[in-house]
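Everything below concerns the one structure shown next.
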Amino acid sequence: MSMAWRRHWLRRAGFTLLWVLLLLVATITANVVGIHLAGGIEGWQRWLDDHSGHFLAWRLLLYAGTTWGWCWMRRRVLAREAEPGTHRRLRTAEIAAVIAVAALEISQFVQGG
């Protein structure tokens, strides 16, 4: 493994970690502000329940955008890497992603939210 590759990998990992931390802070901040504006945890939970349809629409749009981006990326990867294993790796990632999203959505449905 070359040193340049390691630096590139570490830089990308650092940026990814930074984004994850920023999203975590933003999520926590949104919840704290929401709890404050709703007058307490019960009010915040009621507001979330009342707007669950909007959140479903948001998630569906997010899934559609992610699917579009995945298809765009997939075409580029398959054009660049014509090895038989590439198609199999992409298919495995696609199946894992669909199972993960389905599990998340089914768990939301089962919980009644």
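Just so it is clear, none of the values below were taken in a lab; they were calculated from the coordinates. Source: prediction; values computed, not measured. A quick note on method: Cβ atoms are made from the backbone with ideal geometry, for glycine too, and the neighbour counts reach across all protein chains shown.
Does residue 39 satisfy the criteria of being over 27 Å from residue 109 (Cβ atoms) and more than 22 Å from the chain's Cα centre (by Cα)?
Answer is yes for this residue.
Anything in segment 8-50 that is of a type in the set (D, E, K, R) and touching a residue at least 40 places away in the same chain (Cβ under 8 Å)? List them, or say none.
49, the sole residue that qualifies.
Which ones in segment 81-108 are within 18 Å of residue 63 (Cα to Cα) and among the basic types (Lys, Arg)?
Within segment 81-108, 91 is the sole residue that qualifies.
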